[in-house]
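Notes follow once the structure below has been shown.
What follows is calculated from the coordinates using simple rules that are stated; it is not laboratory data. Keep in mind it's a predicted model, so treat the numbers as computed, not measured. Please note: Cβ atoms are built from the backbone with ideal geometry, for glycine as well, and neighbour counts cover all protein chains shown.
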Amino acid sequence: MTHPPVPLGTFPTPLEPAPRLAAELGLGPEDLWVKRDDLTGLGGGGNKIRKLEWTVGAALAEGADTLVTTGAAQSNHARLTAAAGARLGLDVVLVLRGAAGASRSGNLALDGLFGARLAWAGDVDRAGLDAAAAGVCDRLRATGARPALIPFGGSGTLGARGYVRCGEELRARVPDLRTAVVALGSGGTMAGLVAALGTGSVLGVDVGALADPAAAVVAFAAPLTSEAVTAERLRVRRDQVGAGYAALTEPVTEALRLAARTEGIVLDPTYTGRALAGLRAAVRDGSVRPGEKTVFVHTGGLPGLFGHADAVAAAEEGAGVY
Ligand SMILES: Cc1ncc(COP(=O)(O)O)c(C=O)c1O
């Protein structure tokens, strides 16, 4: 049974023209729009709010008093789960990859501000992280708490419903939309957009969080649409991962500067920076063309910039000397 979503964000998010960025990319001045899903309101904003409205809605309906979720140390999803818990008066335990003593800036600083408790899982793979979260839930239950486990990245068919709504917002504002470009991490964001807009209208730029991100998108999107969603039909780029999820690449450094200096928009080094680098590559290889309406879905992640030492250094180096 699907429970109703709990309102957490501010919707619809703005849709802004980006003519100076369009020109730099080689697109026409009216071709490129930015869907400001970094401005979803709660907890610093970002795409995870739309998913949390559904996953936390289900947790509340089941009588949970504690939210448990998993992620990387700089997980935006974990930060926004902490914010959602604070907003709703729920306890939050974040099960994070790595060890205590890692940098406490960026998302980790906000996790603390929102009052979340952290459980460090060590240098584990995805199965190890899930096992650590299951152990945390068992221990919480043993003390009388009622935990609800929110999936990794908030992704699943339930969380993806939040992005069906985003797709509907886009369709209403840009009826001739050709391509919505979005970062592809755990898959739920792209899945919801695919369900609303169709496989041919969404370009996902893989960030290297999953071994097979297309499979995740197929699994989450299929129950939400009558289209036969297959990995072959999805538009996915895997050329922006570089040395891996946490690594800063030169195209991403350039993309961060480009968005900042043409439109005053801040991207993050892990997700949205890769998405813009992927859009740039797509224009270069002709898979996104001038004259077509393109929407760049800005999914947030600003705190992650401050949690990434290399990205902060690259940003600082960009300052001129007067
Ligand atoms: C800022 C940001 N953008 C995009 C994504 C990717 O979304 P998804 O995990 O639904 O693929 C994430 C996920 O962690 C994110 O934090």
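Details
- For residue 265, the residues whose modelled amide H falls within less than 5 Å of its own, excluding neighbours fewer than 5 places apart on the same chain, are 260.
- 0 to 90° range, to nearest 10: angle between helix 48-61 axis and the chain longest Cα axis: 30
- On Cα atoms only, tilt of 272-284 relative to the major axis of the chain in degrees: 30
- Degrees, to the nearest 10: 76-88 long Cα axis against longest axis of the chain: 60
- Straight-line reach from residue 51: taking Cα to Cα under 14 Å and skipping same-chain neighbours fewer than 8 places apart, the aspartates and glutamates in range are 37, 38.
- Between residue 296 and 33, 34, 35, 181, the built amide H atoms are under 5 Å apart, and every one of these is 5 or more places off in sequence or on another chain.
- Summing charges over neighbours of residue 54, with a neighbour being any other residue whose Cβ is under 14 Å away from its Cβ, gives +3 when K and R count +1 and D and E count -1.
- Choice from 271, 163, 245 showing the highest fluctuation, given a GNM over the chain with Cα pairs closer than 10 Å: 245
- The ranking of 48, 35 by Cβ neighbour count inside 10 Å, starting from the fewest, reads 35, 48.
- Distance between the C-alpha centres of the range 110-158 and the range 166-195: 28 Å, rounded to the whole angstrom.
- Under-5 Å amide H pairs with residue 184, H placed in peptide plane, nonlocal only: 205, 206, 207
- Remark: 54, 120, 33 ranked as 120, 33, 54, counting other beta-carbon atoms within 10 Å and listing the fewest first.
- Cα gyration tensor, the range 48-154 - rounded (a/c under 1.5), prolate or oblate: oblate
- Separation between Cα centres of the range 9-27 and the range 268-315, rounded to whole Å: 12
- Dipole magnitude (debye, nearest 20) for the range 1-155, charges at Cβ of Lys, Arg, Asp, Glu: 360
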